[in-house]
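The numbers here are math on the coordinates, done by the rules we state, and not lab data. Source: prediction; values computed, not measured.
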Amino acid sequence: MSTLDFTGRVAIVTGAGRGIGRAHALLLAERGASVVVNDLGGDTDGSSPSAGPAEQTVADIEKAGGSAVVSTASVATEDGAASIVATAIEAFGRVDAVINNAGNFRIAPFDELPLGTYQAFLDTHFFGSLMLARAAWPHLAASGRGRIVNTVSAALLGVPDMVHYGSAKGAVYGLTRNLAVAGAAHGIKVNAVAPGAATRMVELTGDSLPPGTIEYMREHMPPELVAPVAAYLAHESCGITGEVLTAAGGLVNRMVMLNTAGIHDPALTPETVADRLDEILDTSGAQVAALTVPDPAGS
Ligand SMILES: NC(=O)c1ccc[n+]([C@@H]2O[C@H](COP(=O)([O-])OP(=O)(O)OC[C@H]3O[C@@H](n4cnc5c(N)ncnc54)[C@H](O)[C@@H]3O)[C@@H](O)[C@H]2O)c1
């Protein structure tokens, strides 16, 4: 296997001032990419923005001989997304890969959060990823090897006190699948990473995790063990689309949605569903739910 090289390629990484995004940016730059290091630089709720984190990542990339520029725009606004892409074009003239990684986080019971908080989580995670993908789309198509790497979370599967966050990540999952279909005609591949790494975001979960979990994550699950998966998905040699890869402490696996074999009964009644529920739910013989990619020849 030849080394995955990004020389001559331009990547945008959002939320790259800290944690996982910073590791993505450092790895891509080390492999030769010119990187737009985007980060709002605020607290976990988005307040108190600061250029400091993005500037630090850029300084570290340049110190190592790489090429990068700072963007402090918020992904959560259309103007912010346009400005991130404009920064890439002004500095480097093209966009080959977008890693949508920026995210905010908190833990709270479903019925205690105001609706505005749900909107804010959608704005950052879902609309942030969507708006940047849209702004970068023509450049990714022009690249001929455009790649989008979104960031989901195991929280989309359902965990306590994360309805706001897990639902927003579920929306990013649907975005990934549907953009993969939309991108097929343009050579754009769209996948997602579901990370697990010791960052300030995880430190926030504190008391809600079993004793010893954070200590274990600090020792065994650095952001640098998520970045190789994002780098592969961002590389022109990536041959998959619409997939989610979990990346945590060296573990990499495929997260899939399944269709079970189920039942077929033309005389279906509610009682049939109740009586045959075990068969309906049985995953033996299940098939991975496939993307519906239009045939470009129309045949
Ligand atoms: N750490 C984990 O185990 C874990 C697990 C599942 C998913 N994730 C996801 O991974 C991504 C990175 O998280 P992390 O753990 O590195 O967290 P982090 O808080 O260390 O880093 C997130 C970065 O995103 C930036 N950001 C937030 N809102 C922004 C906005 N509107 N515009 C631009 N930048 C913004 C923040 O300033 C911060 O630097 C997030 O999408 C998160 O939801 C992380």
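Note that the chain, at 20 °C in a medium of 1.002 mPa s, gets a Stokes-Einstein diffusion coefficient of 107 µm²/s from its Kirkwood radius over C-alpha pairs.
Contact order, relative form, for the chain: 16 percent (alpha carbon pairs under 8 Å, 6 or more residues apart, mean separation divided by residue count). By the Cα gyration tensor, the range 1-84 has an equivalent ellipsoid whose semi-axes, rounded to whole angstrom, run 23, 13, 10 from largest to smallest.
Amide H contacts under 5 Å for Ser71: Val37, Asn38, Asp39, restricted to partners 5 or more places along the chain or on a different chain, H placed in the peptide plane at 1.01 Å from N. Close amide H pairs (under 5 Å, H built 1.01 Å from N) link Ala33 with Phe6, residues at least 5 positions away or on another chain. In the range 155-202 the Cα-Cα distances spread across 5 Å bins starting at 0 as 5, 19, 20, 22, 15, 10, 7, 2 percent of all pairs.
The helix-based estimate of mean residue ellipticity at 222 nm for the chain, built from -39,500 (n - 2.57) per DSSP H run of four or more residues and divided by its residue count, is -11500 deg cm²/dmol to the nearest 500. Shape annotation for the range 65-111: C-alpha extents along the principal axes are 47, 27, 18 Å, from largest to smallest. Spatial offset of the range 132-204 relative to the range 53-79 amounts to 20 Å, using the alpha carbon center of each. Sorted largest first, the principal axis extents computed over the alpha-carbon atoms of the range 258-299 equal 45, 23, 11 Å. Shape class for the range 104-197: prolate, because the ratio a/c of the largest to smallest gyration tensor axis (alpha-carbon atoms, square roots of eigenvalues) is 1.5 or more and a/b beats b/c.
Evaluating 6.51 cos²θ - 1.76 cosθ + 1.60 at θ = phi - 60° for every residue in the range 192-209, the Karplus couplings come out as 9, 10, 10, x, x, 7, 6, 9, 5, 5, 6, 4, 5, 6, x, 5, 7, 9 Hz, glycine and proline recorded as x.
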